[in-house]
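Here is the structure we will look at.
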Amino acid sequence: MSESRLRHRPATTGHAAATTGGYITELKLPAVGDYIIVAKRAAASLGLVVGFSLQEIDDLNIAISQACESACAAAAQQWGTGNGQLKLIFKSQPRRLEVEVRSVPPRAVEQQAVRRARREADLDYETIGLNMMRLFVDELRYQVDDQTGSLRMRMVKYLIE
């Protein structure tokens with residue numbers, strides 16, 4: 001298979017969004033702060049594919065870093081430090097990149113056994129970090145699953161010319 005054909009295929013999922021001409025790339029990482037650099041590099045690379053400037057990529061990386069830190073903290077509170085995973089879903093389309101960051105329960109450990117009792121004060125995601133993320137992306141939504149305590153953040157960055 002030639003290199004040019006590989007460039008036009010999605011990175012991991014094997015299918016393109018049919019109507020938009022976009023691609024979906026998924027990345028799973030341990031919910032540990034040391035792996036945030038991997039998420040930032042993936043976002044930067046996909047930002048280049050979309051056509052973002054270096055400033056736009058820096059803005060995206062700040063938001064990705066904060067979202068991953070929040071997801072790692074949520075995973076640590078729910079399932080213990082290092083037990084959960086981060087799942088990042090990148091949807092690249094012409095002139096935009098959508099990134100979803102999720103904290104996911106551990107596979108090997110039974111969810112009910114590891115889940116800790118949550119306190120409302122511990123799960124306050126309306127923090128300075130969330131407000132900071134709003135400065136660096138064009139759209140931001142977040143949600144906490146009441147059953148599992150999983151955190152889900154969706155960010156969209158548009159190419160502005």
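The values are calculated or read from the model by the stated rules, or taken from the named source; none is laboratory data. If you're wondering where the values come from, they're calculated on a predicted model, not measured in any experiment. Please note that ligands, DNA and RNA were not included when accessible areas were found on the heavy atoms of the full protein model with its side chains. Shrake-Rupley method; radii C 1.70, N 1.55, O 1.52, S 1.80 Å.
The candidates S45, S103, arranged from most to least accessible area with a 1.4 Å probe in the full protein assembly, appear as S45, S103. Relative to the current alpha-carbon distance between D138 and K28, full extension at 0.36 nm per residue lengthens the span by 37.2 nm.
Exposure check, 1.4 Å probe, all protein chains in place: I160 carries approximately 120 Å² of accessible surface.
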